[in-house]
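Student: Below: one structure in structure tokens.
The values are calculated or read from the model by the stated rules, or taken from the named source; none is laboratory data. The model shown is predicted, which means the values in this text are computed figures rather than measured ones. Glycine gets a Cβ as well: all are built from the backbone with ideal geometry, and neighbour counts include every protein chain shown. Accessible surface areas use protein heavy atoms only, side chains included; no ligands, DNA or RNA. Shrake-Rupley method; radii C 1.70, N 1.55, O 1.52, S 1.80 Å.
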Amino acid sequence: MALASLQGRWAPVVVASIVMMAFAYVIYGPYIVVSELMMNHFQVNPIFALVTLAVYLLGVPLVFMPLDLGYTYASNRLLVEGDSRLTGNVFRDGFGRWGRNVWGLFLVRFFTSLWSLLLIVPGIVKFYAYSMTPYILVDNPELSANEAINLSQKMMKGHKFDLFWLGLSFIGWFILGFLTLGVAYLWLVPYMYTSVAAFYQDLKKEYINPNN
């Protein structure tokens, strides 16, 4: 389903991937570099370190989290509606109802981190339990962030391993991306996101009408 929806639409998909990776590089890149330098006891200009920290702390919730949600749902629009305006949809879906969406994604990360403090396995389990939250937030604007998370857990009951197995099927593509110095990720990332969107669509049909 994912490959069929992407056929003939790779150009706008790759452009959207480049936009996402550019924002990720600007927000995460300097912070990671500075952190590595400081961990290895290299001297770092304190002002530069503070600026990179501020960009990271503000950029993740204000920019990258809504963009990530927007990219997730833009892939769903491509699959369901054939809408190939991915870059525009990334911003439209990501920043529409910005406060609620960011709060929902923040809660997902927060709850997952809390479960991970207990043991790694519960954190992984909850990661998959909450994985449908971005789709639910956009699909159901009447739900609160907590309600979207709870609905994701209900929908993923008995299906967490299915999604894990789907992700595992991309391991060969990840190796290819590594061998191409990340270039292949421009195609891999939208392929994965669209595949998970197809997973969500199947799950939604089963959850809404299990006898269908």
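Student: Can you tell me which of SER195, SER131, SER152 is outside any helix (DSSP H, G or I) and surrounded by 14 or more Cβ atoms within 10 Å (Cβ to Cβ)?
Tutor: None of the other options fit; the residue is SER131.
Student: Let me ask you something else. In the set ALA49, ALA16, which member is small (Gly, Ala, Ser), farther than 30 Å from ASP202 by Cα, out of contact with any strand residue (DSSP E or B) (no Cβ under 9 Å at 6 or more places or on another chain) and assigned to a helix (DSSP H, G or I)?
Tutor: ALA49
Student: Give just the number: which of (1) buried (at least 17 other Cβ atoms within 10 Å of the Cβ); (2) touching a Leu at 6+ places or on another chain (Cβ under 9 Å) does THR87 not satisfy?
Tutor: (2)
Student: Out of VAL33, VAL44, VAL26, report the one residue that is over 15 Å from TYR193 (Cα atoms), over 24 Å from the mean Cα position of the chain (by Cα) and open to solvent by less than 90 Å² (accessible area, probe 1.4 Å).
Tutor: VAL44
Yes/no per residue for (1) out of contact with any Phe, Trp or Tyr (no Cβ under 6 Å at 6 or more places or on another chain); (2) aromatic (Phe, Trp, Tyr); (3) at positive phi; (4) modelled with pLDDT of 90 or more:
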| residue | (1), (2), (3), (4) |
| --- | --- |
| ARG9 | yes, no, no, no |
| SER35 | yes, no, no, no |
| VAL44 | yes, no, no, no |
| TYR71 | yes, yes, no, yes |
| SER75 | no, no, no, yes |
| ARG97 | yes, no, yes, no |
| PHE106 | yes, yes, no, yes |
